[in-house]
Amino acid sequence: MTKSTILLTNIQFVDSHDHHITGWIYVEGTKIKSLGQGQPKNFPVDISLDGQGLTVLPGMIDLHTHGAKGNEMIGITAPGLQEMSQFYASHGVTGFLASTWTAPREAIRDAIAVTHSVMGNEMGAKILGVHLEGPWLNVAYCGAQDKSLIRTATREEAVEYLNTDLIRLVAVAPEIPDNEWIIRECVHRGITVAAGHTNATYVEMKRAVDMGVTQVTHCFNAMRPLNHREPGVVGAAFDLPQIKCELIADNIHVNPIVMKLLMNIKGPENVILISDSISAAGMPDGEYFFEGAKVTLKDGAARLQDGTLAGSTLTLERALANIMKATGRPMGELIACASLNPAHAIHMDDHKGQLRRDWDADLILVDQNLQVKFTMVEGKVVFRQF
Ligand SMILES: [Zn+2]
């Protein structure tokens with residue numbers, strides 16, 4: 001069977017200084033076959049698309065998202081997950097990790113099973129795997145997660161999840177001795193480990209990095225903060241070059257000044273934009289549920305009744321706009337925080353995260369306000385609004 005071909009013309013590439021260059025991309029099957037400046041050669045094409053001068057970016061990858069449009073990963077159904085996949089695609093995401101949280105074992109098992117059933121048939125963004133955010137966390141920094149269900153990693157439970165071969169990222173509180181084996185086990189299996197919902201000291205974080213931890217879960221949120229006498233998790237994230245920092249750039253979870261500080265300290269190559277979105281994402285203000293608890297959504301902030309932030313309603317293209325505004329850095333430099341860096345974090349940067357010849361044809365077109373107008377996932381147009 002011959003592969004279908006799509007030629008995208010009249011699109012603007014941006015370089016790391018945000019200089020715009022008009023060009024084209026030729027897609028064959030699921031891959032970018034070639035790309036270039038100016039006018040394309042005479043390719044044999046099935047479909048020719050005029051990009052109307054919109055800016056082309058690599059598709060964004062969200063490593064940390066729990067839900068959207070009234071659906072959430074614990075208790076998820078296949079149609080609900082499809083709705084999430086389409087919603088993310090309409091906001092510029094071409095790949096994501098379905099993220100669970102601290103829940104009973106059967107609930108996590110079910111979430112993984114439903115994810116597996118949808119993988120390969122996604123209607124929007126592609127599911128790149130599962131992210132387990134819990135239950136192996138520290139109750140001292142539970143955030144909105146259910147304290148009573150936080151537990152240490154037992155082999156019996158954990159190996160069942162890992163053996164599905166779908167887990168790509170695991171968030172763990174590394175300072176808890178009973179969790180050490182799971183860090184080593186994940187690293188051994190090529191699964192990325194983030195320190196999250198953690199009370200680790202600097203020394204404990206250094207040890208965690210020696211064991212193979214390479215990331216922190218939503219930097220600044222639900223972790224021991226930086227203190228000038230005890231650098232904590234944040235100080236360790238700043239200091240240790242092995243650590244990449246997830247960031248919820250919604251201007252609510254982290255003040256924009258602190259977002260700028262993080263970018264200056266770690267550099268754009270070490271920051272990963274995440275949404276950490278919950279079911280209320282893409283919904284109007286009102287009352288929602290997060291793991292059975294009532295959440296009030298008001299002005300973009302989702303909070304439990306006691307005021308604790310319960311995930312976000314952020315979408316990644318807004319995160320990119322927010323971090324651009326906070327730092328004053330160009331889009332062409334910061335887009336890696338939402339594409340190449342997350343691809344790298346889960347070892348997929350050899351075929352995703354960049355607009356490159358022979359790379360997956362994951363790409364988006366955005367207008368000058370960073371509104372997403374078009375999304376292509378592995379050569380398939382899944383969203384178009386022009
Ligand atoms: Zn989360």
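General observations
This table checks each residue for (1) of a type in the set (S, T, N, Q); (2) closer than 17 Å to ASN138 by Cα; (3) surrounded by fewer than 18 Cβ atoms within 10 Å (Cβ to Cβ).
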{"position": "GLY190", "(1), (2), (3)": "no, no, yes"}
{"position": "ALA194", "(1), (2), (3)": "no, yes, no"}
{"position": "LYS206", "(1), (2), (3)": "no, no, yes"}
{"position": "ASN227", "(1), (2), (3)": "yes, no, yes"}
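- Consider the stretch 43-75 and keep the residues that are charged (D, E, K, R) and within 16 Å of the ligand (Cβ to nearest atom). The one that is nearest to VAL170 (Cα to Cα) is ASP62.
- Count of the stretch 320-362 residues which are under 17 Å from VAL56 (Cα atoms), buried (at least 22 other Cβ atoms within 10 Å of the Cβ) and in contact with a Leu (Cβ under 6 Å, 6 or more places away or on another chain): 4
- Looking only at the stretch 83-111, and only at residues there that are within 16 Å of the ligand (Cβ to nearest atom) and assigned to a helix (DSSP H, G or I), the one that is nearest to LYS69 (Cα to Cα): MET84
- All told, GLN52 meets the bar of being in the same structural domain as ILE364 (by TED's automatic domain parsing), surrounded by fewer than 17 Cβ atoms within 10 Å (Cβ to Cβ) and either in a strand (DSSP E or B) or modelled with pLDDT of 95 or more (or both).
- Scope the stretch 240-260; condition surrounded by fewer than 16 Cβ atoms within 10 Å (Cβ to Cβ) and either free of Cβ contacts under 8 Å to residues at least 40 places away in the same chain or within 16 Å of the ligand (Cβ to nearest atom) (or both); matching residues: PRO241, GLN242, ASN255, VAL258
- The residues on offer are TYR161, TYR141, and the sole one that is among the aromatic types (Phe, Trp, Tyr) and more than 16 Å from the ligand (Cβ to nearest atom) is TYR161.
- Some residue of the stretch 134-143 being within 23 Å of ASN341 (Cα to Cα), in the same structural domain as ILE278 (by TED's automatic domain parsing) and of a type outside the set (Phe, Trp, Tyr): yes
- Flag if ASN341 is assigned by TED's automatic domain parsing to the domain that holds SER148, under 30 Å from CYS186 (Cα atoms) and either among the aliphatic types (A, V, I, L, M) or in contact (Cβ under 8 Å) with a residue 60 or more places away in the chain (or both): yes
- When the residues of the stretch 277-316 are filtered to those that are free of Cβ contacts under 8 Å to residues at least 60 places away in the same chain, under 26 Å from SER148 (Cβ atoms) and of a type in the set (D, E, K, R), the one that is surrounded by the most Cβ atoms within 10 Å (Cβ to Cβ) is ARG303.
- Qualifying residue in the stretch 364-378 (condition: crowded, with 20+ Cβ neighbours inside 10 Å, closer than 30 Å to GLY143 by Cβ and either assigned by TED's automatic domain parsing to the domain that holds ILE272 or not acidic (Asp, Glu) (or both)): yes
- Qualifying positions in the stretch 177-217 - in contact with a Cys (Cβ under 9 Å, 6 or more places away or on another chain) and of a type outside the set (Ser, Thr, Tyr): VAL193, HIS197, GLY212, GLN215, VAL216
- Hey, ALA171 buried (at least 20 other Cβ atoms within 10 Å of the Cβ), within 16 Å of the ligand (Cβ to nearest atom) and touching a residue at least 24 places away in the same chain (Cβ under 8 Å) or not: yes
- Exclusive hit being modelled with pLDDT of 95 or more, assigned to a strand (DSSP E or B), at negative phi and in the same structural domain as LEU97 (by TED's automatic domain parsing), set LEU35, LEU63: LEU63
- Residue list for the stretch 1-22, filter: of a type in the set (Val, Ile, Thr), over 24 Å from the mean Cα position of the chain (by Cα) and closer than 17 Å to GLN368 by Cβ: ILE11, ILE21, THR22
- Condition check for ALA78: hydrophobic (A, V, I, L, M, F, W, C), surrounded by fewer than 18 Cβ atoms within 10 Å (Cβ to Cβ) and away from the ligand (no atom under 16 Å from the Cβ): yes
- Residue match in the stretch 238-246 (condition: at pLDDT 95 or above, assigned to a helix (DSSP H, G or I) and closer than 15 Å to ILE265 by Cβ): yes
Conditions tested, residue by residue: (1) among the hydroxyl-bearing types (Ser, Thr, Tyr); (2) more than 22 Å from the chain's Cα centre (by Cα).
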residue: GLY129; (1), (2): no, no
residue: GLY134; (1), (2): no, no
residue: ASP146; (1), (2): no, yes
residue: ALA158; (1), (2): no, yes
residue: ASN163; (1), (2): no, yes
residue: ALA173; (1), (2): no, no
residue: HIS188; (1), (2): no, yes
residue: THR201; (1), (2): yes, yes
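The values are calculated or read from the model by the stated rules, or taken from the named source; none is laboratory data. Keep in mind that this is a model prediction, so the values were computed, not measured. A quick note on method: Cβ atoms are made from the backbone with ideal geometry, for glycine too, and the neighbour counts reach across all protein chains shown.
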